[in-house]
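Heads up, the thing below is written out as structure tokens.
The values are calculated or read from the model by the stated rules, or taken from the named source; none is laboratory data. All values derive from a computational prediction rather than experimental measurement. Don't worry about glycine lacking a Cβ; one is built from the backbone with ideal geometry, like all the others, and counts go over all protein chains shown.
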Amino acid sequence: MSPLSIDQIFFIYFFLSLSLLSIGVIASRNIIHSAFFLLIFLLHVAAVFLFLNAEFLMAIQIIVYVGGVLALFIFAIMVMNIKDELKHRRFVKFAGSGFLVSLLFFAVFYVFLRNIRLETSKPLTSDTNMLGSLLYSYFLLPFEILSLVLLIALIAGILIAKKNPKEDR
Amino acid sequence: MINQYLLLSATLFTIGLIGFVLRRDLIVMLMCLEIMFNAVNISFASFSYYGGNYTGQIFVLFSIAVAAAEAAVGLAIVLSLVRVTGINHSDELRNLRG
């Protein structure tokens, strides 16, 4: 067995810790503990992006997910003020069959991905300039549509979560 | 190599799927959805890296923005559901008009 390089050691660490953190999101009984497991999970995913020479994605991952989405989750948990969560059971009634079907799904994935290889020229370097110019030239229309999607999501979030004035009476 | 990144992506996607199927709390189900989004983003970025093409990274950008929009709308729906019915478990919701 050949000795592992430093990259492979780090990759094995990130593989194990990402798996354990996502299992922690599922298995923890307190919702706020799940949110904090998700926080560390997202930071580790940002580190995996750094492995793949995607520095801009790492920054966006930390800014958008950790700064935006996770803050939204924690705000929602605090607004809903769930107190009696510790007494309830965590899983649905048919959890065993759901688990088996998901394992079957993973087995199919593993059979497909076991021997895959990509005939590549050379791995790409980190180039945020190239990414920006591509985003504003070739992908300009999807970018604009994306801004519209975000605007609509903002308005819909406010409209749905707003208190219904008829209920207060 | 690319297959270890794809294996990481498949593992995280499966764990997110297991959590989405098994858990009862609606907020934890949304968190598992975020785990699945991240798994697919890792696979996009690894294809971009090993294929020598920047389009995969731009797809990850779009996917992150759509995930943010999805989280906002989903949490708003869960919030109004809890406010109207007082239920935050997925298997206790039986009637359509709360």
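More than 8 Å from chain A (Cβ to nearest Cβ) and either touching a Cys at 6+ places or on another chain (Cβ under 6 Å) or part of a helix (DSSP H, G or I) (or both), is that true of B:Phe37?
Values: more than 8 Å from chain A (Cβ to nearest Cβ): yes; either touching a Cys at 6+ places or on another chain (Cβ under 6 Å) or part of a helix (DSSP H, G or I) (or both): yes.
Taking the combined requirement at face value, the residue satisfies it.
How many residues, within the range A:10-66, are free of Cβ contacts under 8 Å to residues at least 12 places away in the same chain and within 7 Å of another protein chain (Cβ to nearest Cβ)? Here the count works out to 9. The test for being within 7 Å of another protein chain (Cβ to nearest Cβ), in contact (Cβ under 8 Å) with a residue 24 or more places away in the chain, in a helix (DSSP H, G or I) and touching a Phe, Trp or Tyr at 6+ places or on another chain (Cβ under 7 Å) holds for B:Ile42.
Assess whether A:Ile82 counts as being facing another protein chain (nearest Cβ under 7 Å), exposed (fewer than 13 other Cβ atoms within 10 Å of the Cβ), among the hydrophobic types (A, V, I, L, M, F, W, C) and in a loop (DSSP other than H, G, I, E, B). Before the answer, list the steps.
Details: facing another protein chain (nearest Cβ under 7 Å): yes; exposed (fewer than 13 other Cβ atoms within 10 Å of the Cβ): no; among the hydrophobic types (A, V, I, L, M, F, W, C): yes; in a loop (DSSP other than H, G, I, E, B): yes.
No, not satisfied.
Taking the conditions (1) assigned to a helix (DSSP H, G or I); (2) under 24 Å from the mean Cα position of the chain (by Cα); (3) at the interface with chain B (Cβ under 9 Å from one of its Cβ atoms) in turn, A:Leu134 satisfies each one other than (2). None of A:Ala35, A:Ala71, A:Ala76 is under 18 Å from B:Leu33 (Cβ atoms), at pLDDT below 90, part of a helix (DSSP H, G or I) and aliphatic (A, V, I, L, M) except A:Ala76.
Is it the case, given these coordinates, that B:Asp91 is under 24 Å from A:Asn81 (Cβ atoms), within 7 Å of another protein chain (Cβ to nearest Cβ) and more than 19 Å from the chain's Cα centre (by Cα)? The answer is yes for B:Asp91.
This table checks each residue for (1) surrounded by 15 or more Cβ atoms within 10 Å (Cβ to Cβ); (2) more than 27 Å from A:Asn53 (Cβ to Cβ); (3) free of Cβ contacts under 8 Å to residues at least 12 places away in the same chain; (4) within 7 Å of chain B (Cβ to nearest Cβ).
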residue: A:Phe94; (1), (2), (3), (4): no, yes, yes, no
residue: A:Ile116; (1), (2), (3), (4): no, no, yes, yes
residue: A:Lys122; (1), (2), (3), (4): no, no, yes, yes
residue: A:Ala153; (1), (2), (3), (4): yes, yes, yes, yes
residue: A:Ala156; (1), (2), (3), (4): yes, yes, yes, yes
